[in-house]
Amino acid sequence: MAKPGLSAAVLLLLLGFLSVSSVHADTLLSAPLNVTIRELEVNSAVVTWEILEGDPVIGFAITQQKKDVRMLRFIQEVNTTTRSCALWDLDEDTEYIVHVQSISMGGSSPPSQPVLFRTPKESEKMASKSPDEVMMEEVGQAAQLRAGELIIIVVVLIMWAGVIALFCRQYDIIKDNEPNNNKDKAKNSSECSTPEHPQGGLLRSNV
């Protein structure tokens, strides 16, 4: 027959194990689901995912790497409820592998299933565009060029207006100074003249 003290100790140990297991089960996160690559461009892409309802997720972590290359890029963000992330600075015509993990106060979830995608070539991206998209881009570029030309014309006109205004101001100053110069010349002429000769010259006697 088992001793009462030993039975109580075994019971307490079992209850403690069950409580720890229940807490661990509550904090364990599920891996993100339906990881998808959207808006795939030559040098960028957007990864989206879903989580199970009720998971206490406070952020995410993404690992991105080129296929057959060990170097990783790690992206992590917390205090957010977003379910998407932009991938930037990608190389064209290159295969990448992406994993997504959810983050909670208790830790991180297991990584999602890997997603493999390839960025397109620049030529392929241009070829895949419809004529309307190409036309819209050309119209946008033409509008930008026209706006730049208009800005240059306005700047040149402003500069010319400033030059003309400066010239007119200098001309007015010169014109205002002309009467004073004439008065000074007349004054100097009257001071140099003599009674015998009003023009200031000396009389000569003919011998």
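What the table below lists for this structure:
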quantity: Residue order, fewest to most surrounding Cβ atoms within 10 angstrom, among PHE117, PHE74, PHE60; calculated: PHE74, PHE117, PHE60
quantity: Contour minus Cα-Cα distance for MET105 and VAL78 (0.36 nm per residue); calculated: 8.7 nm
quantity: Value of relative contact order over the range 30-128, rounded to a whole percent, pairs C-alpha under 8 Å and six or more apart; calculated: 34
quantity: Per-residue HN-Hα couplings for the range 42-52 [Karplus 6.51, -1.76, 1.60; θ = phi - 60°; Hz; x = Gly/Pro]; calculated: 5, 10, 7, 7, 10, 9, 10, 7, 10, 10, 6
quantity: In Hz, Karplus ³J(HN,Hα) per residue of the range 98-110 (6.51, -1.76, 1.60; θ = phi - 60°; x = Gly, Pro); calculated: 10, 10, 10, 10, 8, 10, 10, 5, x, x, 10, 7, x
quantity: VAL57, VAL46, VAL154 arranged by Cβ crowding within 10 Å, fewest neighbours leading; calculated: VAL154, VAL46, VAL57
quantity: Inverse of mean 1/r across different Cα pairs in the range 30-128, Kirkwood, Å; calculated: 14.0
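None of the figures in this text is laboratory data; all of them are computed from the coordinates on show. Note that the coordinates shown come from a computational prediction; the quantities given were computed from them, not determined experimentally. Glycine also receives a Cβ, built like all others from the backbone with ideal geometry; neighbour counts cover every protein chain displayed.
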